[in-house]
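*Asks:* Here it is, the structure in full.
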Amino acid sequence: MTNEANKAIDANSITIDGETVPFDAGQTIMDAALAVKIYIPHLCHYPGLTPAGNCRLCMVEANGKSVAACVTQAQSGQQVSSNTPELNAARLSITQMLFVEGNHICPSCEKSGNCRLQAMGYYLGMLEEHFHQFNPRREIDASHSTVLLDRDRCILCDLCVRASRDVDKKNVFAIAGRGIHARLIVNTASGKLGDSNIEAKDLAAKICPVGAILIRERSFDSPVAERIYDRQSISDTAMTEHVPRKEDDRG
Amino acid sequence: MAERKLKIATTSLAGCFGCHMSFLDIDEKLMLLNDRIEFNRSPLTDIKQCSPSDIGLIEGGVCNADNVRVLREFRANCTILIAVGACAITGGVPAMRNYFDLRECLEEVYLNGTGVTNPQIPSDTELPLLLDKVYPVQEVVKIDYFLPGCPPSADAFLQLLVPQLDGQKPQLAADQLHYD
Amino acid sequence: MLVVMKNQSWPHSLIFDKQHLLHRLYTLQQQDRHISAETIVRVAGEFNLPVSQVASVVDFYSFFYRKPVGRYHMLLSNCTSCGYQAGKTDLLKMLCRSLNVDPGVTRADGLVSISETSCIGMCDHGASMLINGIPLVGLDETKVTRIAGLVEQQLTLCQWPQDWFQITRSIRQSGMLLNNTGSSGNSLTKALSAGPGRTLDMIEHSGLRGRGGAGFSAGKKWRLCREATGDAHYVVCNADEGEPGTFKDRVLLQCHAGALFEGMTICALVIGARKGYLYLRGEYRYLLAHLQEALELHYSNNLLGCSILGHAGFDFDIEIVVGAGAYICGEESALIESLEGKPGVPRIRPPFPVTHGYLGQPTAVNNVETFIAAAYIVTHGSDNFRMAGTEQSTGSKILSVSGDCRNPGIYEYAFGVSIQEILDDCGADNVQAVQIGGPAGTLVAHRDFRRRISFEGVSTGGSFLVFGENRDLLTVNQNFARFFAHESCGFCTPCRVGTRLMEGSLQKIVDGRAVAADIEEIKRLSSLIMRYSHCGLGHTAANHMLDSLRQFPGLFEKRIMQQAFSPQIDLEAALETARQITHRDDADAHLD
Ligand SMILES: Cc1cc2nc3c(=O)[nH]c(=O)nc-3n(C[C@H](O)[C@H](O)[C@H](O)COP(=O)(O)O)c2cc1C
Ligand code: SF4
Ligand code: SF4
Ligand code: SF4
């Protein structure tokens, strides 16, 4: 290859774990990775929504600096490492943190088998939760006829907030409170979901990675062994995720 | 060659015996194992005291003082101690009481609950005293291996035990890793 | 609108400027002693904001309450210098006992509530509290007993001994900035005659670096901001001063407000701003009247407002926004969020405030001291400024010295001063270590007291905490760990959860229940929090742990058990509730 050709590639590509990955201006490292089906673990990111960068599972080393891939712009020549033992160990710890700060009793959870937090645990080989359990006491909101909010399992990923605000255009949710007291709140005078205009068909009602927002009366509708993560890894399902595109709506 | 049989002790703390049932589910392979292992203290035998063993399997979390004593007895006697199942590893379903104060729980059950006759909180010294919360076993003693699942499948038990027969480290296959 | 309207040159639009959300909430809370769900809905209506935004703001800031606080609401600082545990007695416990009230719970008769709060910047005044927002200093056992009596008698604060509220400006050593009492308007006049370009050159040439902690070049920041395109440019002064042990901005606001406003105005001239904000930490609300007066004076002297000093087209206004108790709002992008009426969650950076700041527009955020230094530079020239300090750290640094020393207070030094020199000046003997830059900073042990204060040496935003040989440094670590857990904004996992875990791990060590593996675990946790968090709070939250472990390993080794494993929990304590409920005390009711 000529020097010029080399430069041309450099100008719009990065490497991820040694693999050359092209990108378009404005794309994040995550965008570039997903476009070529490289999986960088993530929970609070969902293509099509503005990235938030709160879960920190997508931490990578970019030119030696730890950055969140979902909110860091790809830059020509950037050398990114992601699938390293060290980063995966950190991701495992972060996943364990998410487990212990909430109340996750998978055997009694409707989301089990279809839960992305659980699937992250599987992907990272999590055998136990390692840290001391926080056992928080959080409110359940069963005031809505079709959508249930069980805050025990909320991982504060902000996906429902963004989905409701930016896609559904209803702005039903927000995160309130500081530090460990952070919690999901509902944008109504009563603070109850029943007084909101959320509907089961809304993206916000469906996007929750865990069993915190559930569509009622749909529990356990797929048998064990046929649920999403009985058959697939989160690294596979992540490749097909995208908020419904405008064209899909029309079609 | 007459190999020494691997001694295995098992117990169920705050659990439902589901993990034990699943263990027994290994069916005919249990017969194969039978040549290589023997059971020490276990609900499957009637041995009441754990003596030195190679492997201890703990089902269930730690909810009372008695659980702590049994768990310590196992730790003191077992070379390798394994937490088996969601309850042992995370507290599991019994840990749902952790969202309430112990006092609230007891008052609800023994004093204020529906259908309570002769309301009083039992305080007999024969009864194991409850801990304020249900704890995962690894918060109380050192655990060597974890076998998640509610319950872990029979195959998972095999994957855990068979390598150890030959002194190998067990490795759970990815498709056997589940929390429910 | 906070600034009293007097000057005719004020732009008309500002008169009708909506009150700031934080101020409206504060005012309503003053009436009801809390912010009710109804108030939230009402304010949301007034501001045309989602209810959830107002609710999330109320829940974010420590000084907004969802339940009524007492008519006497006391917030005791928990800083290592001005905290309720700074002396031998736990004054919080004592006060609560005397008034028969639990911390954080308002007494049934609504008379009194007592809580603790992060450092209130009274570190040179001994144990201190804010009572209904006003600092009451020099707490000790006698005072606590008397306070309890005065509260029970329901005497108003003006009937209390007034010397309790006396704040001395303990300036112990002055340098170029503190000595500078040049007539007001001097630096601005010079800047105006030099013009924005040459003024900027001067600031750049001076080598002035930010005094808030990070030390970014002020000239470079202003240039980037000046060159950034936008609908409007903004100047923001960071007077959040939340780093425990720092109180130099409080003194500067008290004594040098004029120079500060001039510095901000010079910045406005350089970057082309018409509007500036002073973000004052909620703990310093009592300075508001004084600052407004100083602002008014500037307006009446035409140092602010329209056509400043007769320069047609140079208009600049300054508004003060008062925070409500959140250390994270000192982080510049969180501060901007707060200015915009939102919870103080740090933004994703880049883009940086210089291009996308307040309302998405180019914004220069600087510390109080930075602006005052800028004003000095313009008056006295950059060469004069450069004469003090070191090559990479020009000028002077104002330190807030407190802790185990005879003369706590404000000390201004040329950069490059050694730690030992400062200790000698402040009357500190038998010092085992100094925490420089607050909990987020660096712990320097005795053997390193020759090290120097500068950006290339030991860097600090101003906090200088002295720990004498009798201090138990582990309790200091515990104090710091609690501080970060309390102040974490909760946005990202490693900091939100990790800082809480750190608190627990330290407790285990302090209780003497830990083993060597727990120390390894703390190191691992520290690195997780520091490497993978979103903002500077997380990035620095475990510095103090790693510093202590590195420099005082004996402190930890002394308390750990010589065994391979110990339970995560105190099992014997975990049986206590059940023992109480069942009234059992037999052998089986105990473990260990
Ligand atoms: C958690 C955190 C707290 C901060 N608190 C303050 C503060 O109280 N005052 C301050 O001037 N800078 C503070 N900073 C630094 C600001 O983000 C910013 O760098 C500074 O205001 C820039 O001004 P300077 O360059 O003049 O120092 C803090 C930073 C972080 C990460
Ligand atoms: S939300 Fe997911 S991880 Fe949590 S309990 Fe349910 S299945 Fe388990
Ligand atoms: S409810 Fe679900 S989607 Fe919403 S913040 Fe919590 S975990 Fe995320
Ligand atoms: S590091 Fe801490 S303070 Fe900073 S964004 Fe994360 S949670 Fe908030």
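The values are calculated or read from the model by the stated rules, or taken from the named source; none is laboratory data. Given the structure is predicted, the values throughout are model-derived calculations rather than measurements. Here the Cβ positions follow ideal geometry from the backbone for every residue, glycine too, while neighbour counts run over all protein chains shown.
*Asks:* Looking at region B:96-120 only, could you name the residues that are at the interface with chain A (Cβ under 9 Å from one of its Cβ atoms) and without any contact (Cβ under 8 Å) to a residue 12 or more places away in the chain?
*Replies:* Scanning region B:96-120 gives B:Met96, B:Tyr99, B:Phe100.
*Asks:* So, one more: Find the residue count for region A:109-147, including only residues that are part of a loop (DSSP other than H, G, I, E, B), among the hydrophobic types (A, V, I, L, M, F, W, C) and either within 7 Å of chain B (Cβ to nearest Cβ) or over 22 Å from B:Val137 (Cβ atoms) (or both).
*Replies:* Counting residues in region A:109-147 that are part of a loop (DSSP other than H, G, I, E, B), among the hydrophobic types (A, V, I, L, M, F, W, C) and either within 7 Å of chain B (Cβ to nearest Cβ) or over 22 Å from B:Val137 (Cβ atoms) (or both) gives 3.
*Asks:* Quick check on my filter: what residues within region C:61-114 are closer than 24 Å to C:Gly403 by Cβ, outside any loop (DSSP other than H, G, I, E, B) and more than 18 Å from the chain's Cα centre (by Cα)?
*Replies:* Once the filter is applied, which keeps residues that are closer than 24 Å to C:Gly403 by Cβ, outside any loop (DSSP other than H, G, I, E, B) and more than 18 Å from the chain's Cα centre (by Cα), region C:61-114 yields C:Met74, C:Leu91, C:Leu92, C:Lys93, C:Met94, C:Leu95.
*Asks:* Among the candidates C:Leu537, C:Leu501, which residue alone is under 20 Å from C:Tyr327 (Cβ atoms), of a type in the set (A, V, I, L, M), within 14 Å of chain B (Cβ to nearest Cβ) and within 16 Å of ligand 4 (Cβ to nearest atom)?
*Replies:* C:Leu501
*Asks:* Does at least one position in region A:204-223 carry a residue that is over 30 Å from C:Ala485 (Cβ atoms), under 19 Å from the mean Cα position of the chain (by Cα) and within 14 Å of chain C (Cβ to nearest Cβ)?
*Replies:* Checked against the condition, which is being over 30 Å from C:Ala485 (Cβ atoms), under 19 Å from the mean Cα position of the chain (by Cα) and within 14 Å of chain C (Cβ to nearest Cβ), region A:204-223 yields at least one hit.
*Asks:* I would also like to ask the following. Taking the residues in region A:225-248 that are within 14 Å of chain B (Cβ to nearest Cβ) and touching a helix residue (DSSP H, G or I) at 6+ places or on another chain (Cβ under 7 Å) as candidates, determine which candidate is farthest from ligand 1 (Cβ to nearest atom).
*Replies:* My answer is A:Ile228.
*Asks:* When only residues in region A:31-59 that are touching a His at 6+ places or on another chain (Cβ under 7 Å) and either assigned to a helix (DSSP H, G or I) or more than 14 Å from every other protein chain (Cβ to nearest Cβ) (or both) count, which is surrounded by the most Cβ atoms within 10 Å (Cβ to Cβ)?
*Replies:* Checked region A:31-59; the qualifying residue surrounded by the most Cβ atoms within 10 Å (Cβ to Cβ) is A:Pro47.
*Asks:* Just need a number here: residues in region A:80-126 that are touching a residue at least 12 places away in the same chain (Cβ under 8 Å) and either among the β-branched types (Val, Ile, Thr) or more than 16 Å from ligand 3 (Cβ to nearest atom) (or both).
*Replies:* So the answer is 21.
*Asks:* State the number of residues belonging to region B:22-64 that are basic (Lys, Arg) and within 29 Å of C:Leu571 (Cα to Cα).
*Replies:* 2
*Asks:* With the condition being outside the structural domain of C:Ser115 (by the TED database), I'd like the helices (runs of 4 or more DSSP H) fully within region C:125-210 carrying at least 1 qualifying residues.
*Replies:* C:176-179, C:186-206
*Asks:* Which residue, of A:Ile180, A:Ile185, A:Ile155, is within 14 Å of chain C (Cβ to nearest Cβ), closer than 21 Å to A:Arg138 by Cα and assigned to a strand (DSSP E or B)?
*Replies:* Answer to the selection: A:Ile185.
*Asks:* Let me ask you something else. If the requirement is being away from ligand 3 (no atom under 16 Å from the Cβ), under 30 Å from C:Ala414 (Cα atoms) and not assigned by the TED database to the domain that holds C:Tyr61, which of these qualifies: C:Leu297, C:Leu291?
*Replies:* C:Leu291
*Asks:* Would you check if C:Asp249 is touching a residue at least 60 places away in the same chain (Cβ under 8 Å), away from ligand 3 (no atom under 16 Å from the Cβ), of a type in the set (Asp, Glu) and surrounded by 24 or more Cβ atoms within 10 Å (Cβ to Cβ)?
*Replies:* yes
*Asks:* Name the residues in region B:1-40 that are surrounded by fewer than 15 Cβ atoms within 10 Å (Cβ to Cβ), small (Gly, Ala, Ser) and within 10 Å of the chain's Cα centre (by Cα), would you?
*Replies:* none
*Asks:* Being within 14 Å of another protein chain (Cβ to nearest Cβ), touching a residue at least 12 places away in the same chain (Cβ under 8 Å) and within 16 Å of ligand 4 (Cβ to nearest atom) narrows it down to one of C:Gly213, C:Gly242, so name that one.
*Replies:* C:Gly242
*Asks:* Still on this model: If you go through region C:116-151, how many residues are among the hydroxyl-bearing types (Ser, Thr, Tyr) and over 18 Å from the mean Cα position of the chain (by Cα)?
*Replies:* Summing the residues that are among the hydroxyl-bearing types (Ser, Thr, Tyr) and over 18 Å from the mean Cα position of the chain (by Cα) in region C:116-151 gives 2.
*Asks:* Taking region C:325-353, which residues are out of contact with any Ser or Thr (no Cβ under 7 Å at 6 or more places or on another chain) and either part of a loop (DSSP other than H, G, I, E, B) or outside the structural domain of C:Glu243 (by the TED database) (or both)?
*Replies:* Of everything in region C:325-353, those that are out of contact with any Ser or Thr (no Cβ under 7 Å at 6 or more places or on another chain) and either part of a loop (DSSP other than H, G, I, E, B) or outside the structural domain of C:Glu243 (by the TED database) (or both) turn out to be C:Glu331, C:Glu340, C:Gly341, C:Lys342, C:Val345, C:Ile348, C:Pro350, C:Pro351, C:Phe352.
*Asks:* Moving on. Out of region B:66-95, which residues are among the aliphatic types (A, V, I, L, M), surrounded by 15 or more Cβ atoms within 10 Å (Cβ to Cβ) and either assigned to a helix (DSSP H, G or I) or more than 8 Å from every other protein chain (Cβ to nearest Cβ) (or both)?
*Replies:* Within region B:66-95, B:Val68, B:Val70, B:Leu71, B:Ile80, B:Leu81, B:Ile82, B:Val84, B:Ala86, B:Ala88, B:Ile89, B:Val93, B:Ala95 qualify.
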